[in-house]
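As structure tokens, the structure follows; a few thoughts come after it.
What follows is calculated from the coordinates using simple rules that are stated; it is not laboratory data. Quantities reported herein were computed from a predicted structural model and do not represent experimental measurements. With ideal geometry, Cβ positions are generated from the backbone for all residues, glycine too; neighbour counts draw on all protein chains shown.
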Ligand SMILES: *Cc1c(COP(=O)(O)O)cnc(C)c1O
């Protein structure tokens, strides 16, 4: 028994030994405004119809390995070009992992701007790829010369560009993205996790590129619990990644629930529209506090900077008021004194503004 430590040291890869696991903050009893979830639930009527729709699912059977019906509905609701191929993942996190597995190898690099989505680095690390970060400029726009230089230096297999970006909330300039696409010999993933909150997208032009795929998720549009992401683009790429995907990665409950949800897309659309309206109200409210700097957002969250050295105090005081947001202070130089709040229901937003007003 007490040998396990030695065995672990002997067998677990050194790079894994030195990592720490992804930490999810405890949230029981708190108003959850930390994880970009849609705050709305469904009406009792809708819930009954949903339960009815999953009642006869055969849980003794394996799911449809390609989730054909779900893909068809996604094609319609997301305006996916007919000549584009689609592959589904257990959240877009799994899709990132699938791509990393297929592209990993000695001296293979994943490149991404930072501050950015933490999973790019984490998955690069645990799939034994190199990870190279290029700092965004102070206003969180892309540093194009630095990106082009990094591409030349590292010849990345994979570049991730979140459009809009998390945790900064902004959309990068389309011309900058196009220059990056042209400059690299590798694959560029446009991560449109927040597509529901912006009218900007590469979807309509995706087939014009031979080294670009779009990644989307249903998480931020109100279905985070189902775990479903999609990769869209040229069939040649998708075909290769599909070899690495485990056969039944989208379970029967997810498939049936998604079918139901996508047939009621108007409900989700109304919710995300409301969130966009409330984002404006919340922006104005935060903007009115002199000590805060709020950044423009094309997502369902707002990033803001507190007065120097105040972020931890404000974050903890909010928890005392039973409100959980995300503390980004200390996670990166560019995010010093920064906090991120997800747009909640109008009532949750009011509680948050009232609480932070008292704390400031
Ligand atoms: C939230 C988020 C995702 C995660 O998506 P899942 O489908 O829930 O795994 C991917 N990319 C970005 C930029 C995100 O913010």
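The calculated FRET efficiency for the pair residue 153 and residue 267, based on their C-beta separation and a Förster distance of 41 Å, comes to about 0.30.
So how do 238, 325, 159 line up by other beta-carbon neighbours within 10 Å, fewest first? Please report the intermediate quantities before stating the final value.
Values: 238 17, 325 26, 159 29.
Going from least to most buried by this count: 238, 325, 159.
Principal axis analysis of the Cα atoms in region 232-360 yields extents of 52, 35, 26 Å, listed in decreasing size.
Taking Rh as the Kirkwood radius computed over C-alpha pairs, what is the Stokes-Einstein D of region 104-207 at 4 °C in a medium of viscosity 1.567 mPa s, expressed in µm² per second?
Values: Rh = 13.9 Å.
Translational D for this selection: 94 µm²/s.
With springs only between Cα atoms under 10 Å, which of 20, 104, 219 fluctuates most in a Gaussian network model of the chain? Comparing 20, 104, 219 in the GNM, the peak value goes to 20.
Run a plain Debye calculation on the chain (Cα atoms as equal point scatterers, no solvent) and give log10 I(q)/I(0) at q = 0.06, 0.08, 0.12 Å⁻¹, rounded to two decimals, same order as the q list. Cα-only, vacuum Debye calculation for the chain: -0.24, -0.43, -0.98. Please list log₁₀ I(q)/I(0) at q = 0.15, 0.22, 0.23 Å⁻¹ for region 177-236, using the Debye equation with identical point scatterers on the alpha-carbon positions. Evaluating at q = 0.15, 0.22, 0.23 Å⁻¹ gives log10 I(q)/I(0) of -0.48, -0.89, -0.95. Computed from the Cβ-Cβ distance with R0 of 30 Å, the FRET efficiency linking residue 137 to residue 354 stands at 0.30. Treating each Cα of region 1-102 as an identical point scatterer and summing with the Debye formula, the log10 of I(q)/I(0) at q = 0.11, 0.14, 0.25 Å⁻¹ comes to -0.74, -1.05, -1.31. Along the Cα-to-C-beta direction of residue 79, a point sits 7 Å from the Cα; which residues of region 193-217 have their amide N less than 17 Å from that point? Only 193-208, 214-217 pass the distance filter. The share of C-alpha pairs in region 232-288 whose separation exceeds 17 Å stands at 66 percent. Inter-part distance, region 287-360 to region 44-93, computed on C-alpha centroids, equals 35 Å.
Which value in deg cm²/dmol, rounded to the nearest 500, describes the helix-derived mean residue ellipticity at 222 nm for the chain, given -39,500 (n - 2.57) per DSSP H run of n ≥ 4 and division by the residue count?
Values: 13 runs with 143 residues, N = 360.
That calculation yields -12000 deg cm²/dmol at 222 nm.
Calculated FRET efficiency, residue 320 and residue 42, Cβ-Cβ r, R0 41 Å, to nearest 0.05? Intermediate values should be presented prior to the final figure.
Numbers: r = 31 Å, r/R0 = 0.77.
Step by step, r from the Cβ atoms, then E = 0.85.
Computed over the alpha-carbon pairs of region 196-299, the distance histogram in 5 Å steps reads 2, 10, 14, 16, 16, 16, 11, 7, 5, 2, 1 percent, short to long.
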